[in-house]
Amino acid sequence: MAKDSLIGGSIWDEYSQVVQDRMNNPKFMGEITENEAKERGAKLIVADFGAESCGDAVRLYWLVDEATDTIIDAKFKSFGCGTAIASSDTMAELCIGKTVDEAVKITNIDVEKAMRDTPETPAVPPQKMHCSVMAYDVIKAAAASYKGVDPDHFEDEIIVCECARVSLGTIKEVIKLNDLKTVEEITQYTKAGAFCKSCIKPGGHEKREYYLTDILRDTRAEMEQERLKKQANAKALGDQLNFDELSVVGQLKAVEGIMDSEIRPMLMMDGGDLEVIDIQKTPEGNIDIYIRYLGACSGCASGAGGTLYAIENVLQEKLSTNIRVMPI
Amino acid sequence: MRVYLDNNATTMVDPEAFEAMKPFFCEKYGNPNSLHKFGSETHPALRNALDQLYVGINAKDSDDIIVTSCATESNNWVIKGIYFDKIANGKRKRVVTTAVEHPAIRMTCEFLKQFGVQITIVDVNEEGIITPDQLREVMGEDVALVSVMYANNETGMIFPIKELASVAHEYGALFHTDAVQAFGKIPINVRDLDVDFMSFSAHKFHGPKGVGGLYIKDSQALSSLLHGGEHMGGRRSGTLDVAGIVGMGKALELANKFMSFENSHVKRLRDKLEDALLSLPDVSVVGRRENRVPNTILASIKGVEGEAMLWDLNRAGIAASTGSACASETLESNPIMEAIGADKELAHTALRLSLSRFNTEEEIDYAIEQIKKAVERLRGISSTFAYTPEGHVSGL
């Protein structure tokens, strides 16, 4: 925890000048009436999102030229904090001049970026990102109303992190592809959980349907199941097992199998035998199999030379080239 | 004009208390525990400050008033101390508290759950307080401690502490009150209240920040939170903050001196402000005036989101506070508002105005004017409130 987080501070200090100006003097605040729509020969769309009981509510007015599906004017009304008002104002402005299909593609990230003073400095602190999300949702509601479809029509993915707009599918995919083990890694790869942090685990700023901690746990479990299934299928089909990926118990069973079928009969012909003491994976990726010679093999000079190379060769050939045999 | 109406968060240090503190920074700066003259010359001032505290709350010589860093420390100390002394190895395993306590109580209780402490939380009634009957319903011989705040920080509602302490004692439990918001606003008499422990904090009654205290009746046993020194009779280690203690003593003396003023001047200004708010359509105030500390208003203004209101007021130079979740860590409704059974809508439109004896009539007139202006502007933007020629209707 760095010194800035130790002291804290007013989140208002992190608002961009654009946010402050739009909060103080929203340019697109207001209503559009049916009469105005008639006069301008356009279709009036009114869409609501949120509720006072949730702390944020917004109403969006669109005038749409039906010949071209173009939004020729937009206004809003909003119950919400400063960033909610500023986001709604920006969102209304971004809609103007776009077709309905183009407007639906405006995301909360577009809204936040449009409110930045400089391209690299966020317009609002992380915990305020959710205020721009509402702007995105009301656009979908307006478009749905215009097209006579359900708002879900425009959302074909489950969004886990609203702030960064990262979907459930993307998160699961990066976990699997990159073998991610922590939420911090998910954030590094996708930015999910980097802003208001509500999607990381329950108890945050906002209640969420999906949390990164749960997705990580479930996806890791899925990966493990897939791995076991793959192994089982491979075994069932009689395919060569991936020895390096087996658990120690699995490796021991495989080694013992080769010992019994290929090596012990050879040693026993000379009155000898061996036992497997341990199997250890080295940081370099080698699999060291520790053995102890028994009977005539014990003390035999060849045990450190020809016999040892023969055992190692068989195991390497049958199981893995990473195997090294260590007599003790 | 700058108007400070957030005195339940913190207060201005009374200039007289500040004057009293000054010599203990650069002139009399010795460690009070040192043997030499530099140290011992602070003793008269410390003794005087403790006298001011004892007199200020009518404590007796057999009691302890231990200086801490703040009420949060005092609250932690009582609950954790009781755990070590009574709960960990005793038969009493339960702590009873209310749903509207400061996080210093709520979170400490939550922390102790992992050690097997059972926590009973009593919901407040529609008035925002708990009654002796409500407390009696949850009491039993297994309760070690009851902790109930004296006055609520958001609503200003005053709890019937004397009666609640009596119920706790009937069951052999100890009673603690977090009196942070009552100090300097209403008369406090610990002997009459018969509480076992009471927390307070200087910066809430025009003393300095970083110093508070814990009253302990009859010097009862209470395991220390801090070990490693003999300060405060070995009860609370840490070199004494002489200036802070002197400032706190003086501040309490002044608060008591101005108590009548607080109850007339401050109350009159508060009521004027409250009446002006209530004259607006769709505005309500939580709790009856006669059962509130005289400086606090918690209002809800339909259609006006709390943080947006603070923003507008701040631009006009007015400091206030909000119960609105949007200004805090979570989007969940304000727990106090929920506890008193208020609608969720109310929780997001809450505005807390808390006055002090330093507020003037002109400031309140200015605040009324600016609040009205902000309400009009924000209701004009609001999608949940709309004016009509006939009056006003709720939108959405």
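I'd like to check something: does segment A:9-21 contain any residue that is open to solvent by less than 60 Å² (accessible area, probe 1.4 Å), of a type in the set (Val, Ile, Thr) and facing another protein chain (nearest Cβ under 10 Å)? Within segment A:9-21, one or more residues are open to solvent by less than 60 Å² (accessible area, probe 1.4 Å), of a type in the set (Val, Ile, Thr) and facing another protein chain (nearest Cβ under 10 Å). Considered as a group, the residues in segment B:85-99 that are among the hydrophobic types (A, V, I, L, M, F, W, C) and farther than 14 Å from B:HIS176 by Cβ include one that is least open to solvent (accessible area, probe 1.4 Å), and that residue is B:ALA99. When each of B:LEU35, B:LEU50 is tested for being assigned by TED's automatic domain parsing to the domain that holds B:LYS250, among the aliphatic types (A, V, I, L, M) and not in a loop (DSSP other than H, G, I, E, B), the lone residue that passes is B:LEU50. Of all residues in segment B:61-84, those that are surrounded by fewer than 17 Cβ atoms within 10 Å (Cβ to Cβ) and in contact (Cβ under 8 Å) with a residue 12 or more places away in the chain total 2. In summary, helices (runs of 4 or more DSSP H) completely within segment A:130-237 and bearing 1 or more residues that are among the hydroxyl-bearing types (Ser, Thr, Tyr) and not assigned by TED's automatic domain parsing to the domain that holds A:VAL58 occur at A:168-178, A:183-190, A:212-236.
For segment A:99-115, the criterion of being over 26 Å from the mean Cα position of the chain (by Cα) and of a type in the set (Val, Ile, Thr) is met by at least one residue.
The single residue among B:VAL246, B:VAL266, B:VAL293 that is of a type in the set (Val, Ile, Thr), closer than 30 Å to B:GLY30 by Cβ and at pLDDT 95 or above turns out to be B:VAL246.
Filtered by the rule that a residue be among the small types (Gly, Ala, Ser), touching a helix residue (DSSP H, G or I) at 6+ places or on another chain (Cβ under 6 Å) and crowded, with 21+ Cβ neighbours inside 10 Å, segment A:142-191 gives a lone residue, A:ALA143. Among the residues of segment A:45-69, which ones are away from every other protein chain (no Cβ under 14 Å) and buried (at least 18 other Cβ atoms within 10 Å of the Cβ)? Answer for segment A:45-69, where residues must be away from every other protein chain (no Cβ under 14 Å) and buried (at least 18 other Cβ atoms within 10 Å of the Cβ): A:ILE45, A:TRP62, A:LEU63, A:VAL64. Reported count of residues in segment B:11-41, each being hydroxyl-bearing (Ser, Thr, Tyr) and at pLDDT below 95, is 2.
The number of residues in segment B:61-82 being over 20 Å from the mean Cα position of the chain (by Cα) and either modelled with pLDDT under 95 or of a type in the set (Gly, Ala, Ser) (or both) comes to 3. Under the condition of being surrounded by 23 or more Cβ atoms within 10 Å (Cβ to Cβ) and over 15 Å from A:ALA143 (Cβ atoms), the residues counted in segment A:77-102 number 14.
With the requirement that a residue be open to solvent by 10 Å² or more (accessible area, probe 1.4 Å) and assigned to a loop (DSSP other than H, G, I, E, B), what does segment B:209-221 give you? Break it down into steps so the answer makes sense when it comes.
The initial filter retains those residues of segment B:209-221 that are open to solvent by 10 Å² or more (accessible area, probe 1.4 Å), namely B:209-210, B:217-221.
Passing the criteria: B:LYS209, B:GLY210, B:GLN220, B:ALA221.
What about A:ILE328, is it touching a Lys or Arg at 6+ places or on another chain (Cβ under 9 Å), β-branched (Val, Ile, Thr) and open to solvent by 60 Å² or more (accessible area, probe 1.4 Å)? First the steps, then the outcome.
Numbers: touching a Lys or Arg at 6+ places or on another chain (Cβ under 9 Å): yes; β-branched (Val, Ile, Thr): yes; open to solvent by 60 Å² or more (accessible area, probe 1.4 Å): yes.
So A:ILE328 fits the description; yes.
Cβ-Cβ distances below 9 Å connect the following pairs, each with a first residue in segment A:172-198 that is more than 16 Å from A:ASP218 (Cα to Cα) and within 14 Å of chain B (Cβ to nearest Cβ), a second residue that is among the basic types (Lys, Arg) and surrounded by 15 or more Cβ atoms within 10 Å (Cβ to Cβ), and a separation of six or more residues or different chains: A:PHE195/A:LYS128; A:CYS196/A:LYS128; A:SER198/A:ARG208.
So, in segment B:100-128, how many residues would count as being open to solvent by less than 20 Å² (accessible area, probe 1.4 Å) and on the phi < 0 side of the Ramachandran plot?
From segment B:100-128, those open to solvent by less than 20 Å² (accessible area, probe 1.4 Å) are B:100-101, B:104-105, B:108-109, B:112, B:117, B:122, B:124, B:128; that's our starting set.
This time we only want the ones that are on the phi < 0 side of the Ramachandran plot, so: B:100-101, B:104-105, B:108-109, B:112, B:117, B:122, B:124.
So the answer is 10.
Hey, does segment B:220-232 have a residue that's in contact with a strand residue (DSSP E or B) (Cβ under 8 Å, 6 or more places away or on another chain), within 20 Å of B:PRO32 (Cβ to Cβ) and modelled with pLDDT of 95 or more? No, the conditions are met nowhere in segment B:220-232.
Let's see how each residue does on (1) among the aromatic types (Phe, Trp, Tyr); (2) within 12 Å of A:GLN251 (Cβ to Cβ); (3) open to solvent by less than 60 Å² (accessible area, probe 1.4 Å):
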{"site": "A:ASP273", "(1), (2), (3)": "no, no, yes"}
{"site": "A:LYS281", "(1), (2), (3)": "no, yes, no"}
{"site": "A:GLY285", "(1), (2), (3)": "no, no, yes"}
{"site": "A:TYR309", "(1), (2), (3)": "yes, no, no"}
{"site": "A:VAL314", "(1), (2), (3)": "no, no, yes"}
{"site": "A:SER320", "(1), (2), (3)": "no, yes, yes"}
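Taken together, the residues in segment A:202-227 that are within 14 Å of another protein chain (Cβ to nearest Cβ) and under 15 Å from A:CYS163 (Cα atoms) amount to 5. Residues that are closer than 30 Å to A:GLY55 by Cα and either open to solvent by less than 20 Å² (accessible area, probe 1.4 Å) or more than 14 Å from every other protein chain (Cβ to nearest Cβ) (or both): list the helices (runs of 4 or more DSSP H) wholly contained in segment B:234-329 that include at least 1 such residues. Helices (runs of 4 or more DSSP H) meeting the threshold: B:267-278, B:306-315. Consider segment B:335-352 and keep the residues that are of a type outside the set (Val, Ile, Thr) and open to solvent by less than 10 Å² (accessible area, probe 1.4 Å). The one that is modelled with the lowest pLDDT is B:MET337.
The values are calculated or read from the model by the stated rules, or taken from the named source; none is laboratory data. These numbers come from a predicted model, not from an experiment. Here Cβ is always computed from backbone atoms with ideal geometry, including for glycine, and neighbour counts include all displayed protein chains. Accessible surface is based on the protein model in full, side chains and every heavy atom, while ligands, DNA and RNA are left aside. Shrake-Rupley method; radii C 1.70, N 1.55, O 1.52, S 1.80 Å.
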